[in-house]
Each structure stands twice: as structure tokens, then as C-alpha cells.
Amino acid sequence: MKLKLIFLTLFLITAQLTSAQVKFVAKVSKKTLGVNERLRVDFEMNKDGDNFTPPSFLGFTVVGGPNQSISNSWINGKRSYAKTFSYFLEPKGRGNFTIKQAKIEIDGQTYKTLPIKITVTGAVDKPKDGNDTDFVASENLHLVAEVSKGEPYLNEAITVVYKLYVSPRISVSNWRELDSPKYSDFWSQAIDMKQLKIENGQYKGEPYRYVVLRKTVLYPQKTGKLNIEPLTLTVSVDVPTKRRDIFGGRLYSTVNKTVAAGNRTINVKPLPTQGKPDDFSGAVGSFKFEVTTNKNALDATESLDARVTVSGNGNLKLFDLPKLNVPNGLEQYEPQHNERVRTNLTGMGGSISDTYTLVPQYKGKYPLPPISFSYFDLNTESYKRITSEEIVIDVKKGPDGGDTVTLSESSGTNKKVVTQTGNQFRFLKSSANLQPIKRTHFFKSTTYWLTLTAPLLAIPIFLFLGKKREERLSDVSGNRVRKADKLARKYLSEARKNLGDQKEFYIAMERALHNYLKAKLNIQTSDMSKDRIQRLLKERNVDDTISIEFIALLESCEFARYTPSSTSAMQQDYDKASRVIAAIDKQV
């Protein structure tokens, strides 16, 4: 009997201790989510406490919470208590993150939750978000990726256009990119969007407004099924509520909504093997091919340029040009590669070329043999070959090389017929006219004394130069002026190299003008207002016409960011900059 009482007492004590045990745990709605989904984190406790401290939520943005809920009930005379702090989190990007420990004080003791690891992946097609507050925004806001072709050939251009559709039921205040696609299996080129334009359209048969956010041209570099990753945005949406103000106007609630364009898959077809030329280098599109020279007749040791050019529409930057073959007697230098390619919604267009510098050594006729270029034509879905014509270079004056170059009709290869002229050794002298060498003594000679005294004479010269160098280094203002002047010359030279590339040309031009002002007027970039520049130039006795031209150059650099400009206009601006800088140098 006593033994039963002892066991019963121990059981009651254990049950009481178990019921009195404090629980403080963290729970998440999911441990793996897409970058366009939201995460719910609940911190639950079975006993009330004080001084609750949440973690920092590194890698997430708190879009809701803390929301507090309390449950207190009695079942069969037993009290059940639960208190929960809830947060809604939005990931800032992909990666592995940790929800760190939260803290609370219960009955004078500090309790902490266990850390929870969270994995954030790319955007999912259909976000499963339990937060109902953004339901209206989800139903009336859509980001769509429109792909121009689902089954392109390898190296065929396709276009991805990202459109944001907004229903008239809601309004959008702003947006920002949360995650950008990588295009790892493509050569990609984004098309510059100078201005976003709102247009009217339809989405699934309903009237919507939409704006084109991004246009990208892709050239697939692999065959098979390739995935185009989605673009993900965070959008601030104003959603109408059922509440109204005192004047009867509808009140709006702002919701931060994450939308994604969804994954798109394309099937890239390989190029056919039937009829594929041996010299095919990967060109896909519609092209023209030619080999030209800037002159066909010249004298020996003069130079000429031979240019190999491919023009048209296709993957111009993704293949190699055929090499130029030249006969012996023509010295050939490494070609200079030039690209004049523009990219729009149809893909790349323009021309690429290799320019060879050739220098003949002897007089005679030198044929440049024909060369071929092969490409895959997308219109006919077949391979095509273009062969250039033979070009004969006539070298009229120069040394007689003792040979003539002919083209064999039977074999189609270059042959050289060596003709003996009888005076091929005319440059060798028959009489040597040798003279005896006079012996001289170095000791106590003039050279001896100069060698001995030169180091002693050099000491004061080095001291003088060192003193001048220290004075130059200590001249902070002068060094700044000299450095700015050097940068101005450097960027002006860089602008000349970028003639034809509007953006890079005017950036270099603007840097050159600003550094020139620093050098000549001792003025910083932040102080470069047009009125101040004109006033300082006038104080330095610079003509008003030169000052006006200098200001006009600065305005051209500013306007070039928003308006297109031709190569001739860039050349005129460069010539004007050189002339104006030279004029200011003379007058200041």
C-alpha cells in the first residue's frame, strides 16, 4: 500500500512539472520558397512573457507584422494558453538564409528559439502565398515574357519582351527589379529603352494597360531545351478598399506585390549536317561577302589596304571571318578588326571587316586568290557559299625581284617562275679597300680624363635636378593643374578613337572638356555652371566667340545622351573641340 502511494505521488509530481514546462518555439510556413513568394514566421509560447525581441531577419524585408494573437481556453478543468507573434517576410534575393534566435523573458528566465535555415530559389510560376491582403493585386497585376520564336535554330536571334499588365481596377505607383534573368545558355543583348510608354491592350480578353519594361535579343549557344529565367519585380500597388472618406471618396490601401514573368522554355534545333561546307564557321542569317582593296596599282614599299567584309543581318559578332591569302613578295601585317553592328528587335545588323595592310617588295603583278565565305540562310534553311573575285595588284616601280608571279590554269595555285637576270649579285663589291687599324692608348687620353671627371661634374647637376623635383612635388596646385591637363589630352584622344560610338565618344569628350577647365581655370567639376565658366574665361581675356563655342560643346555632350547623332556630327564636334582648346591655350 505504501509502495502504491509513493508511485502515485511521483506520477502526480511529474505530471505537474510537465504541465508547467515553458515552450517557446519558432515555426515557418515553408523552408524553401521562390523569390516571388512570401514567408510566414510564427513565434509561439505557452505562457505569457515580457520583452519579446525578434531576430533581425537578415536577407528579408518585413512586409507584415508583428501580428499578435492570444488563445486562452479551459478543457475539462485544465487551462490551455497560447500566444503567437507573426511576421510576413519577403526575400530580397536568392540564396541560403537563417532566421536567427528570438528572445523572451518568462517568469524571470530568458528563453530563445532555435535558428531555422531557409532556401530562396528563383521565381516560381504560381506563387502559393497564404497572405490574403494582396489577393486583389495578384488578380489584377501580371508580368508577361513574350518570346518571338519557340523553336529557333542554333545561333538564330529570338526576342524576349517583358510587359507589365495593370488592370484599371488598381494603380501602380512604382516598381524595382528584384531578380534579373541570367541567360547562361545565350548570347544576350539588352535593347536600350529610352522612355517607358503606357499603352492600352488586352490580357486574356479583358482591357488592361501595359508598359514594355525590357527588350532583350538572345542567340542560343546550345541545342535542345533551354530555360529562359523569369524577370522578377517588386511593385507598389494601390488597391481600392470598401472604406470611404468623409467626402464619399474611396480609400486605397498600398500593397507591395512581387510578380514574376514565369519560366519560358524553348527548343533549339541544331543546324543540318547535310550540305554543311567544310569551311563553315557558324554564320547564321542573311549576308553579303566581298574582298576589296583601296588601290590596285602602286610602287614597291608603298602600302595598300585589303579589306574582307561581311554585311547583312545575323550573328555578326559570333563567327570568324575567312583569312586572306597573299602571294610571296607581299608583306602582310596582322588585320585590324572593325565592327559596325546595331542590335534591334530583329537581331544584329550591320557589317564586320578585317583590314590587312600589304606592302609589296618588288615590282610585278601579284594576284590575290579568291576566298570563300559560307553561312546558313534562315530564309531557305540551307547553306550558301559566296566566293570573292581575284584581284591583281600591279607593282609598277621597285627593285627587280627576279621573279614574276603567275596563276596556273591547270591547278589553280600560285607558281613562281624564277628568271636569272645575270646581275643578281651586283650588290657585292669586288674590291675590299682594307685599311690598317691605328693603335691608340687610352691612359691619359682625352677620353680617359673625361671619364674620370664626369661623375664629379654630374653631382651638382643631380642636386639641382633633385631640388627642382622637390619643388615640383610640393606644388600641389600646379600638380593638380598638370594632371588635369594630361587627363584632358588623354580623354580627347580617347574620344577620337570612339568616333562612331555615340555614347563612348561623348562621355570621353565631356571628360576632356571638364579636365581642361580644371587645368586652365582651377575650377572643380561641382562648380562648373555655364555662367561661371563664361565669367572665368572672360577674366582670362578669352574671346566671347570662343567662350560661346566651348559652352556649345558642353551642351552637345549633354544633348547627345537623349538624341541620336551621326558620325559626321561627332567628327565636327571633335574638330571644334580641338580648335577651341587650341584657341584658349593661345589666349589664356
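The values are calculated or read from the model by the stated rules, or taken from the named source; none is laboratory data. As the structure is a prediction and not an experimental result, all values here were calculated from the model. Quick reminder, even Gly has a Cβ in these numbers, built from the backbone with ideal geometry, and neighbours come from all protein chains shown. In case anyone asks, the SASA skips ligands and DNA or RNA and just uses the protein heavy atoms, side chains included. Shrake-Rupley method; radii C 1.70, N 1.55, O 1.52, S 1.80 Å.
Using a 1.4 Å probe and counting only protein heavy atoms, arrange 544, 42 so the residue with the most accessible area comes first.
Reading off the accessible areas and sorting them downward yields 544, 42.
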Heavy-atom accessible area of residue 540 with all protein chains present, probe 1.4 Å, nearest 10 Å²? 90
How far apart, in nm, are two points set 7 Å out from the Cα along the Cα-to-Cβ line at residue 225 and at residue 184? 1.7
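If R0 is 41 Å, what FRET efficiency do you get for residue 458 and residue 503 from their C-beta distance, rounded to 0.05? Before the final figure, lay out each step's value.
On the way: r = 52 Å, r/R0 = 1.27.
Efficiency, from the Cβ-Cβ distance: 0.20.
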Could you compute how much accessible surface residue 567 exposes when probed at 1.4 Å, giving the result in Å² to the nearest 10? 60
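Using a cut-off of 12 Å between beta-carbons, work out the net charge of the residues near residue 304 (Lys and Arg +1, Asp and Glu -1, residue 304 not included). It would help to have the intermediate numbers written out before the result.
On the way: positive: 295, 307; negative: 299, 302, 305, 331, 394.
Its environment carries a net charge of -3.
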Extension reserve of the residue 171-residue 202 stretch, reckoned as 0.36 nm per residue once the Cα distance is removed: 9.5 nm
FRET efficiency, residue 53 to residue 271 (Cβ-Cβ, R0 60 Å, nearest 0.05): 0.45
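If each residue of separation counts as 0.36 nm, what is the full-extension length gain between residue 32 and residue 292 once their alpha-carbon separation is subtracted?
Numbers: separation 260, 0.36 × 260 = 93.60 nm, distance 6.14 nm.
Roughly 87.5 nm would be gained on extension.
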Note: residue 303 to residue 379 extended length (0.36 nm per residue) minus current alpha-carbon separation gives 23.3 nm
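Applying 1/(1 + (r/R0)^6) with R0 = 35 Å to the Cβ-Cβ distance of residue 252 and residue 494, what FRET efficiency is obtained, to the nearest 0.05? Each step should come with its number before you reach the end.
Working: r = 51 Å, r/R0 = 1.47.
Approximately 0.10, to the nearest 0.05.
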